[in-house]
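Only one structure is covered here, and it is reproduced in the block below.
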Amino acid sequence: MTHRAQESDTPAAGRAAPAVDVAFTVNAAPARCAVDPRESLLDVLRERLDLTGAKKGCDHGQCGACTVHVDGRRILACLMPAVQARGAEVTTVEGLAEPDGTPHPVQQAFLEQDALQCGYCTPGQIMSAVACLAEGHAGDDDEIREYMSGNLCRCGAYPHIVAAVRQAARPGGRADA
């Protein structure tokens, strides 16, 4: 599958900056866009590539709803200019599940632990949880809370989110007995 960008005909207010051609990989598929150098990766993912899993919460890097992985590291897509993604591998929440639809173990743990309420922050929470586990920061609940602290949940589902990360950290992602 190739992600094809939709044309953007109106740049931000003021004069149009010359478009910059950016090629990168999104969820294992090549993507190419001519972007305004001022466009964020989040806007390109959501508005040009129709990948709406990453959410625009605060748009200031304070809530974590836009968390995606770039070259295996979590980043806040609202703060990253899309031009910096040139040649990078970008993974969004849409790219976590197996090709047959089997959820990623973290996604499954979020479902089993009921770690969401309204769901708006959930994609960013899941992307941060995957990174938290990959970085080896799920040793105990305090460590999980510390490394998930950049993601806000306005519904207050934090105890269930910590439980989901703890579950996903166990061998086989098993729930508490």
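The values are calculated or read from the model by the stated rules, or taken from the named source; none is laboratory data. These numbers were taken from a predicted model, which means no experiment stands behind them. Note that each Cβ is placed from the backbone with ideal geometry, even for glycine, and that neighbours are counted across all protein chains shown. To get the accessible areas, we keep the full protein, side chains included, count just its heavy atoms, and leave off ligands, DNA and RNA. Shrake-Rupley method; radii C 1.70, N 1.55, O 1.52, S 1.80 Å.
Here are some notes:
- Residue 155 vs. criteria of a type outside the set (Lys, Arg) and either modelled with pLDDT of 95 or more or open to solvent by 90 Å² or more (accessible area, probe 1.4 Å) (or both): no
- Given (1) polar (S, T, N, Q); (2) touching a strand residue (DSSP E or B) at 6+ places or on another chain (Cβ under 7 Å); (3) at pLDDT below 95, number of the condition residue 25 does not satisfy: (3)
- Of everything listed in (1) of a type in the set (A, V, I, L, M); (2) in contact with an Asp or Glu (Cβ under 6 Å, 6 or more places away or on another chain); (3) modelled with pLDDT of 95 or more, the single unmet condition for residue 175 is (3).
- Given (1) open to solvent by less than 60 Å² (accessible area, probe 1.4 Å); (2) touching a helix residue (DSSP H, G or I) at 6+ places or on another chain (Cβ under 9 Å), index of the condition residue 140 fails: (1)
- For segment 59-107, the set of residues classified as under 17 Å from residue 46 (Cα atoms) and polar (S, T, N, Q) consists of 67, 84, 91, 92, listed by residue number.
- Being within 29 Å of residue 38 (Cα to Cα), in a loop (DSSP other than H, G, I, E, B) and not polar (S, T, N, Q) is a property that holds for residue 152.
- For residue 17, the requirement of being in a loop (DSSP other than H, G, I, E, B), open to solvent by less than 50 Å² (accessible area, probe 1.4 Å) and modelled with pLDDT under 95 is met.
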